[in-house]
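J.: Quick one: the structure is below, and I'll ask about it shortly.
Each value in this text was obtained by applying a stated rule to the coordinates, not by laboratory testing. Please read all numbers here as calculations on a predicted model, not as lab measurements. Neighbour counts are summed over all protein chains in view; Cβ atoms, including those assigned to glycine, are modelled from backbone coordinates with ideal geometry.
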Amino acid sequence: MKTINGFNIEFDFSKLIKVADLIYYDGPLLSHYMSSKGENYLFYWVDVDNVHNRWVVIRTDIFSIQQYLEKKITLHSIITQPNDGFVYTVDIDNNIDYHNTKIVPIANLPEEYTPMENSYYTFEIKDDLDLAAISQKYSSGILEIHIGGKDVKYGSIPLNKFAPIIPKIEDIRKAMSSKFIKRIKHSNANLERSAKQNIDRELRLDTQYEYMYSLAGSIRIILKPINQQISFGSTYSDDFAQDLIHLFKAGYDKERILSFSGLYDKNILKKYNDFIAFLNNENLALGIKWHNANSNTSYKQEISTNDTKEILANLSDFEFDNKEEIKLYGRFYSINIRTGSYAFESTEGDDFKSSGFLDEARRQMAYNIAFNKTYQVVIERKTIEPIGGKEKIKDVITSFIESDSDNN
């Protein structure tokens, strides 16, 4: 490899997070990395020997990367006009150890290490974040929310599209966490009190996430459980992430929707419907991934802009039927002898009203009903709630008995 005329420095490149490989051919040739402070770096492969691969590292900005990917500027201009006026060179061995790191003024960079002047972008982005590496780095499971779709560029998204995403996902997480914790605690009901308290604390930490950072490559939000305890087996955080991603899978199949509603409840599915409706209205796509390197667990689901309508259709066909029995005193103010329809209002001071139908047996007795009398009635109320639709109530009177004056 060529001799580099530069200044030796210490730079811990291992702390940078890979965002995407922008050029890939039998391995990465140009890769985008970010620091924890949000600084953007491009790694450009330039040379190799029997031991090392040599890279030129350029600190740049997301706007320049966007311009390059949109074929408005060249890679040559990014490398020869860096933000700092210099670039770095580093030799990396097969163990991913860094050697011979230097700061190199642009004038000292060998001509062979700069691309041609017409080096416009002509490749496909290998847009896949290495969650396993991040999980290993933090010894924790990692949740990635990946947003794409209309008006989403490499590293940018309109604020009106981005702002609602986190609150909507947090609404889903919070509702699921409550149910998940109750289910696990119920399965451990026979444990001693101190053990129950430890599980309760662990569950709450495993089902809450903290924000780590956002990355480009479309838009990525990186989250991790609050729990700092390291485990090398499966954890509650793995189980909860699996359920969370199963929710996003469920929309593709009505049987899965039914199964999920049995495990959780209609409220969570309504929140899910609201989020999918938002993605559909904004023409956005979603990818959600979980990876825990310690327990070797990985789950993922992607929802394209073409999938949202299918999911909403499946959800709209799914109805929750809740039945309850209502007993009260009141008066009829409308009755149809022929159809059996009625209108009834409470006399118990609660402004309760009901309209519906008498059951078959009560319909035969409807001619005995008087509007100036008080009755004790039993109403069977069926509440039908289509996900994403308007609640429908069906009332059927299964009993009515004339009340004495003490109950008025």
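J.: Kirkwood hydrodynamic radius, segment 77-123, all distinct C-alpha pairs: what's the number in Å?
T.: 12.3
J.: Once the Cα atoms of segment 78-216 are picked out, what are the Rg and Dmax in Å?
T.: Rg then Dmax for segment 78-216, in Å: 23.7, 73.
J.: A follow-up question, please. How big is segment 1-82 by the Kirkwood estimate over distinct Cα pairs, in Å? Spell out each step's value before the answer.
T.: Values: mean 1/r = 0.0722 Å⁻¹.
Evaluated on segment 1-82, it is 13.8 Å.
J.: Now, a different point. If you take the Cα atoms of segment 81-153, find Rg, then find the Kirkwood Rh from the mean of 1/r over all pairs, what is Rg/Rh?
T.: Expressed as Rg/Rh, it is 1.06.
J.: Determine the distance separating the Cα centre of segment 280-296 from the Cα centre of segment 99-130; give it in Å without decimals.
T.: The two parts, judged by their Cα centres, are 30 Å apart.
J.: Give, as ranges by residue number, the residues of segment 166-207 whose backbone N falls under 12 Å from the point 7 Å along Cα→Cβ of Ser295.
T.: Residues passing the 12 Å test: 203, 206-207.
J.: Over the Cα atoms of segment 235-274, each weighted equally, I'd like the Debye log10 I(q)/I(0) at q = 0.16, 0.23, 0.35 Å⁻¹, rounded to two decimals.
T.: Log-scaled intensity ratios, in q order: -0.36, -0.72, -1.23.
J.: Assuming a viscosity of 1.306 mPa s and a temperature of 10 °C, what translational diffusion coefficient in µm² per second does Stokes-Einstein assign to segment 303-343, Rh being the Kirkwood radius over Cα pairs?
T.: In µm²/s, the coefficient is 107.
J.: Using helices alone, what [θ] at 222 nm do you get for the chain, with -39,500 (n - 2.57) per DSSP H run of 4 or more residues, divided over all residues and rounded to the nearest 500?
T.: -8500 deg cm²/dmol
J.: When Rg is the radius of gyration of the Cα atoms in segment 317-398 and Rh is its Kirkwood radius, what does Rg/Rh come to?
T.: Rounded to two decimals, Rg over Rh is 1.01.
J.: When only Cα pairs under 8 Å and 6 or more residues apart are kept, what is the percent relative contact order across the chain? Let's see the in-between values first.
T.: Numbers: 756 pairs, mean separation 48.5, N = 408.
Over the chain, the number comes to 12 percent.
J.: Which of Gly217, Gly27, Gly148 moves the most in a Gaussian network model of the chain with Cα springs under 10 Å?
T.: Most flexible of the set in this elastic network: Gly27.
J.: Right, another one. GNM, the chain, Cα, under 10 Å: largest mean-square fluctuation among Tyr329, Tyr44, Tyr272?
T.: Maximum fluctuation in the GNM of the chain, among the listed residues, is at Tyr329.
J.: Another question about this same structure. Which stretch or stretches of segment 243-272 have amide N atoms under 13 Å from the point lying 7 Å from Ala313's Cα along the Cα→Cβ direction?
T.: 252-254
J.: Ordered by residue, what ³J(HN,Hα) values in Hz, to whole numbers, does segment 142-156 give under the Karplus form 6.51 cos²θ - 1.76 cosθ + 1.60, where θ = phi - 60° and Gly and Pro are x?
T.: Whole-Hz 3J(HN,Hα) from phi for segment 142-156: 10, 10, 10, 9, 10, 10, x, x, 4, 6, 8, 9, 5, x, 8.
J.: Between Lys254 and Asp359, with labels modelled 7 Å along Cα→Cβ, what's the label distance in nm to one decimal, could you check?
T.: In this crude spin-label approximation the distance works out to 2.9 nm.
J.: Right, here's the next one. Could you state the orientation-averaged shadow area of the convex hull built on the Cα atoms of segment 184-318, in nm² to one decimal?
T.: Result: 9.6 nm².
J.: Just the Cα atoms of segment 117-190, one point each, no solvent: what log10 I(q)/I(0) does Debye give at q = 0.16 Å⁻¹?
T.: Ignoring solvent entirely, the Cα scatterers give -0.94.
J.: Which of the DSSP-defined H helices in the chain satisfy a minimum axial length of 30 Å, computed from C-alpha atoms, and a minimum mean Kyte-Doolittle hydropathy of -1.0?
T.: 165-187
J.: Based on the alpha carbon coordinates of the chain, what radius of gyration and maximum Cα-Cα distance (Dmax) apply, in Å?
T.: 31.3, 107
J.: Shifting gears a bit: Pick from Pro82, Pro225, Pro110 the residue whose mean-square fluctuation is largest in a GNM of the chain, springs joining Cα atoms under 10 Å.
T.: Highest fluctuation of the listed residues: Pro110.
J.: Average projected area of the Cα convex hull of segment 13-159, in nm²?
T.: 9.9
J.: What is the gain in length, in nm to one decimal, between Asn306 and Ile103 on full extension, counting 0.36 nm per residue of separation less the C-alpha to C-alpha distance?
T.: Gain on extension, Asn306 to Ile103, equals 68.3 nm.
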